[in-house]
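The structure appears right after this line, and notes come after that.
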Ligand code: TRP
Ligand code: ZN
């Protein structure tokens with residue numbers, strides 16, 4: 001930064017606003033480089049202050065009027081405008097101008113493929129007009145949009161359409177009124193030409209709601225699943241949470257240029273087209289499930305986020321953690337609960353734990369922020385959801401729902417805090433959450449180290465639990481947390497042992513509240529096998545010295561699928577770790593027969609769901625394994641993961657081959673059984689292609705596939721096993737789909753993950769592919785993001801060329817789109833995890849970035865934290 005370094009804001013410095021805005025009347029006269037915005041606000045003074053500071057960034061002021069009279073008593077500052085000597089209540093009229101076509105940051109008003117659209121969360125509204133751009137100022141919005149009628153037949157904003165008409169010189173206008181007061185970050189405007197998928201929904205109380213999904217022309221045949229998901233979301237929220245929709249129209253617009261997944265603007269969601277568009281030819285089963293989850297997520301925000309919003313951005317997890325919890329429950333109620341849980345836990349154990357261990361570590365409710373966009377993190381979202389889930393575990397569904405009800409009774413229509421939420425849960429349930437609140441302020445990953453002792457004479461079994469949270473970069477002192485610890489004990493026949501403590505029958509969820517705690521179970525007639533942290537009852541690491549036999553036993557006898565899966569993962573973890581040592585000492589990768597047999601048992605168990613078996617046979621990712629080490633040996637871990645995959649492939653080839661054939665389906669449906677079959681069959685394929693005899697299977701599948709799931713699985717297999725025909729099918733795909741960026745994203749991601757030695761050169765060549773553009777966040781994440789995050793061997797190549805490439809890309813994105821740059825930089829922040837040579841090379845790139853004279857706040861915050869570490 002040339003000027004002074006950007007300043008941090010602290011949670012503890014919260015001050016209520018000096019003024020509020022009760023109503024705002026906006027008029028937009030859209031123009032590519034000179035959109036005129038007129039904002040007429042009704043302002044009320046709240047504190048004793050005749051000065052009003054409004055936020056504003058990159059906008060050109062035309063005029064200010066107070067109560068209809070031109071006002072000159074103001075100064076323009078770096079952060080906005082300061083108006084002086086104001087009356088206590090007044091009408092403020094501001095006219096200003098903005099340039100959507102040069103807005104490459106995709107924040108505020110910008111153009112996506114010819115359509116105008118907005119993104120205001122977190123602090124984008126200030127790029128549209130001067131305003132009190134903070135979530136605790138709630139106003140009623142009326143919005144008039146004016147544009148050329150032929151080019152922009154659809155003019156949309158929040159709420160209900162109240163007027164429309166034609167204007168001179170080919171223009172028209174539409175006026176929208178949103179009856180629900182809202183913060184500025186929920187404002188939205190869209191103007192363009194679209195195809196529209198229409199449907200309707202009648203709420204439980206009889207409100208008729210028009211549902212409209214706007215997609216680029218020609219994409220109507222890809223909007224159906226989004227509509228089905230929306231209707232399912234509306235129904236589910238009524239049934240499970242008793243919450244109904246509150247407007248007469250719900251609109252979703254799909255745009256190709258979008259920094260994140262989607263945005264919950266009141267009545268007018270804007271979505272990354274990736275989370276709307278799908279048909280069987282263009283989207284995989286995973287894409288379909290992602291659409292269901294994100295459509296649900298944004299819909300659920302209508303209550304948890306919009307009706308009750310956040311007082312300040314430090315409270316972000318209030319709406320995000322809770323809404324992620326709700327979308328996870330939605331997906332679990334509609335689909336497979338265990339598979340959903342497994343995938344959510346993988347995210348926590350992989351990238352979220354990695355974030356805890358990084359220079360960006362922060363509690364789910366951060367204390368200090370430079371750029372708010374940097375805090376839309378796995379910690380705030382995913383760990384935030386785990387914190388809500390722990391309360392759900394401690395209270396049970398009925399009391400949790402009572403807590404939700406009380407929360408809405410108290411806070412509907414207002415801006416609330418995380419503390420408000422916990423208080424409502426506590427007051428409605430009568431359960432003490434005093435110590436539990438520490439989850440909101442303490443960062444880092446706790447480790448539970450457990451030892452056991454069986455007393456043959458007394459017939460007691462004791463688990464001694466130690467909890468420890470290591471210091472993180474943001475916080476050195478850690479205290480004992482309240483951890484719900486879900487335990488089941490099995491006897492040698494696999495029967496459940498009833499739990500008795502202190503002479504009374506107890507439930508499975510025990511409360512760990514101290515740094516060391518012993519729990520003694522009585523009436524245990526033989527030494528049991530414990531299943532612990534069931535359902536991942538807390539976001540912690542578990543360390544217990546299981547024998548191979550105990551883990552294999554749990555894979556068979558544990559009563560729920562998650563515990564079976566987890567036992568399998570622990571068994572794999574033992575042998576990944578021991579093989580890393582082997583490889584480092586020049587020995588070959590080995591797996592004992594017991595491990596192979598345990599996994600064979602899972603495959604052959606006909607009682608298990610196909611989708612579950614597929615998860616149980618999936619190895620942990622490189623990134624998850626990296627998290628087990630302070631310093632990770634990149635090459636050794638890659639060798640071991642590859643080696644284990646080959647050993648399993650060879651040992652179980654007959655079982656895989658048999659399943660591969662019996663699971664073939666002729667017709668494509670997205671019903672859950674069908675998804676499960678494809679999932680398991682394609683898992684078999686990933687193993688089988690590593691065996692000579694079956695190496696041809698992926699090509700055969702690519703040629704015959706009638707859906708994208710199978711096509712993509714074939715390409716993934718060919719790519720990761722570096723099969724001879726890889727290039728052929730990649731070329732074929734590119735020829736077929738190069739006109740469609742969204743479909744090409746899958747191809748770009750494979751190029752990024754390409755294990756070949758010349759992967760980097762290839763990635764660079766892909767940047768001149770006609771479907772690629774660094775200005776499109778989806779393309780950038782697919783190609784560059786996958787290279788940085790999912791190609792450890794090539795990205796971390798000793799030459800440092802991967803790091804240098806990352807530095808070059810980040811330098812460009814720093815100027816065009818700092819939000820995307822700031823997400824892409826994450827793997828570089830973790831340089832301390834690698835050997836000294838690699839550390840030095842990565843650091844060099846971070847230093848180059850720090851020295852840029854136009855370094856954006858987003859990168860400044862992360863780079864300076866990393867270099868401080
Ligand atoms: N509130 C959005 C969600 O979770 C997140 C989001 C969408 C966002 N676009 C953004 C956050 C841009 C910051 C910047 O659904
Ligand atoms: Zn959200």
Considering (1) farther than 22 Å from residue 709 by Cβ; (2) within 14 Å of ligand 1 (Cβ to nearest atom); (3) part of a helix (DSSP H, G or I), say which one residue 294 fails and leave the rest.
(1)
Pairs needed: first member in region 309-329, touching a residue at least 24 places away in the same chain (Cβ under 8 Å) and over 16 Å from residue 292 (Cβ atoms); second member anywhere, within 11 Å of ligand 1 (Cβ to nearest atom) and assigned to a loop (DSSP other than H, G, I, E, B); C-beta distance under 7 Å; at least 6 residues apart or different chains.
313/122
Only one of 415, 428 that is over 24 Å from residue 514 (Cβ atoms), buried (at least 19 other Cβ atoms within 10 Å of the Cβ) and under 27 Å from the mean Cα position of the chain (by Cα)
415
Evaluate region 119-129: report whether one residue or more is more than 14 Å from ligand 1 (Cβ to nearest atom) and farther than 22 Å from residue 154 by Cβ.
yes
Testing residue 120 on (1) more than 16 Å from ligand 2 (Cβ to nearest atom); (2) surrounded by 19 or more Cβ atoms within 10 Å (Cβ to Cβ), one condition comes back false. Which one is that?
(1)
Scanning region 1-58 residue by residue, the ones that are at pLDDT below 95 and surrounded by 17 or more Cβ atoms within 10 Å (Cβ to Cβ) total 0
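From 386, 382, 397, 371, which residue is over 20 Å from residue 826 (Cα atoms) and either under 16 Å from the mean Cα position of the chain (by Cα) or within 16 Å of ligand 1 (Cβ to nearest atom) (or both)?
Values: 382 fails: over 20 Å from residue 826 (Cα atoms); 397 fails: either under 16 Å from the mean Cα position of the chain (by Cα) or within 16 Å of ligand 1 (Cβ to nearest atom) (or both); 371 fails: over 20 Å from residue 826 (Cα atoms).
Selected residue: 386, the only one of 386, 382, 397, 371 that is over 20 Å from residue 826 (Cα atoms) and either under 16 Å from the mean Cα position of the chain (by Cα) or within 16 Å of ligand 1 (Cβ to nearest atom) (or both).
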Going residue by residue through region 280-289, is there one that turns out to be over 21 Å from residue 118 (Cα atoms), within 15 Å of ligand 1 (Cβ to nearest atom) and in contact (Cβ under 8 Å) with a residue 24 or more places away in the chain?
no
Residue that is modelled with the lowest pLDDT, among those in region 556-582 that are surrounded by fewer than 16 Cβ atoms within 10 Å (Cβ to Cβ) and within 27 Å of residue 456 (Cβ to Cβ)
559
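Within region 825-844, track down each residue that is crowded, with 23+ Cβ neighbours inside 10 Å and part of a helix (DSSP H, G or I). Let's see the steps before the verdict.
Residues of region 825-844 crowded, with 23+ Cβ neighbours inside 10 Å: 825, 827, 842.
Correct list: 827, 842.
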Within region 320-432, which helices (runs of 4 or more DSSP H) (wholly inside it) include 1 or more residues that are within 16 Å of ligand 2 (Cβ to nearest atom)?
337-347, 384-411, 418-429
For residue 221, which of the numbered conditions (1) buried (at least 24 other Cβ atoms within 10 Å of the Cβ); (2) farther than 28 Å from residue 204 by Cα; (3) away from ligand 2 (no atom under 16 Å from the Cβ) fails to hold?
(1)
Please go through region 536-555 and pick out each residue that is in contact with a helix residue (DSSP H, G or I) (Cβ under 7 Å, 6 or more places away or on another chain) and either surrounded by 20 or more Cβ atoms within 10 Å (Cβ to Cβ) or not in a helix (DSSP H, G or I) (or both).
536, 537, 538, 539, 546, 551, 552, 554, 555
Quick one: residue 668 ticks every box in (1) surrounded by fewer than 19 Cβ atoms within 10 Å (Cβ to Cβ); (2) without any contact (Cβ under 8 Å) to a residue 40 or more places away in the chain; (3) touching a helix residue (DSSP H, G or I) at 6+ places or on another chain (Cβ under 8 Å) bar one, so which box is it?
(2)
Between 336, 332, which is more than 14 Å from ligand 1 (Cβ to nearest atom), surrounded by fewer than 24 Cβ atoms within 10 Å (Cβ to Cβ), under 23 Å from residue 224 (Cα atoms) and free of Cβ contacts under 8 Å to residues at least 12 places away in the same chain?
332
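Determine whether region 271-290 contains at least one residue that is in contact with a strand residue (DSSP E or B) (Cβ under 8 Å, 6 or more places away or on another chain) and in a strand (DSSP E or B).
Quick first cut of region 271-290, residues in contact with a strand residue (DSSP E or B) (Cβ under 8 Å, 6 or more places away or on another chain) only: 271-273, 275-277.
Those left that are additionally in a strand (DSSP E or B): 271-272.
Yes: region 271-290 contains one or more residues that are in contact with a strand residue (DSSP E or B) (Cβ under 8 Å, 6 or more places away or on another chain) and in a strand (DSSP E or B).
What number of residues within region 469-493 are closer than 30 Å to residue 362 by Cβ and buried (at least 16 other Cβ atoms within 10 Å of the Cβ)?
At the first step, the residues of region 469-493 found to be closer than 30 Å to residue 362 by Cβ are 469-486.
Restricting the remaining residues to those that are buried (at least 16 other Cβ atoms within 10 Å of the Cβ) gives 469, 472-475, 478, 480-486.
Total meeting the criteria: 13.
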Would you check which residues across region 188-232 are out of contact with any helix residue (DSSP H, G or I) (no Cβ under 6 Å at 6 or more places or on another chain), part of a loop (DSSP other than H, G, I, E, B) and either at negative phi or modelled with pLDDT under 95 (or both) and list them?
188, 193, 194, 203, 205, 207, 216, 217, 219, 223
Against the conditions (1) closer than 19 Å to residue 315 by Cα; (2) more than 16 Å from ligand 1 (Cβ to nearest atom), where does residue 460 fall short? Just the number, please.
(1)
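Do we find a residue being within 16 Å of ligand 1 (Cβ to nearest atom) and closer than 18 Å to residue 218 by Cα anywhere in region 237-247? Steps first, answer last, please.
Of all residues in region 237-247, those within 16 Å of ligand 1 (Cβ to nearest atom) come to 237.
Now restrict to residues that are closer than 18 Å to residue 218 by Cα: none.
No; the residues of region 237-247 include none that is within 16 Å of ligand 1 (Cβ to nearest atom) and closer than 18 Å to residue 218 by Cα.
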Would you confirm whether any residue within region 312-319 is closer than 28 Å to residue 864 by Cβ, in a strand (DSSP E or B), within 13 Å of ligand 2 (Cβ to nearest atom) and touching a strand residue (DSSP E or B) at 6+ places or on another chain (Cβ under 8 Å)?
no
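Mind listing whichever residues of region 248-261 are in a loop (DSSP other than H, G, I, E, B) and either away from ligand 1 (no atom under 14 Å from the Cβ) or at pLDDT below 95 (or both)?
Result: 248, 256.
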Given the conditions (1) more than 13 Å from ligand 2 (Cβ to nearest atom); (2) without any contact (Cβ under 8 Å) to a residue 60 or more places away in the chain, report the number of the one that residue 297 does not fulfil.
(1)
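Does region 139-146 include one or more residues that are within 16 Å of ligand 2 (Cβ to nearest atom), under 22 Å from residue 302 (Cβ atoms) and modelled with pLDDT of 95 or more? It would help to see each step written out before you state the result.
Within region 139-146, the subset within 16 Å of ligand 2 (Cβ to nearest atom) is none.
Looking through region 139-146, none of the residues is within 16 Å of ligand 2 (Cβ to nearest atom), under 22 Å from residue 302 (Cβ atoms) and modelled with pLDDT of 95 or more.
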Need the failing condition index for residue 786 against (1) surrounded by fewer than 22 Cβ atoms within 10 Å (Cβ to Cβ); (2) more than 20 Å from residue 841 (Cβ to Cβ); (3) in contact (Cβ under 8 Å) with a residue 60 or more places away in the chain, just the number.
(3)
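The values are calculated or read from the model by the stated rules, or taken from the named source; none is laboratory data. Being a predicted model, the structure only gives us computed values, none of them experimental. All Cβ positions, even for glycine, are placed from backbone atoms using ideal geometry, and neighbour counts span all protein chains on display.
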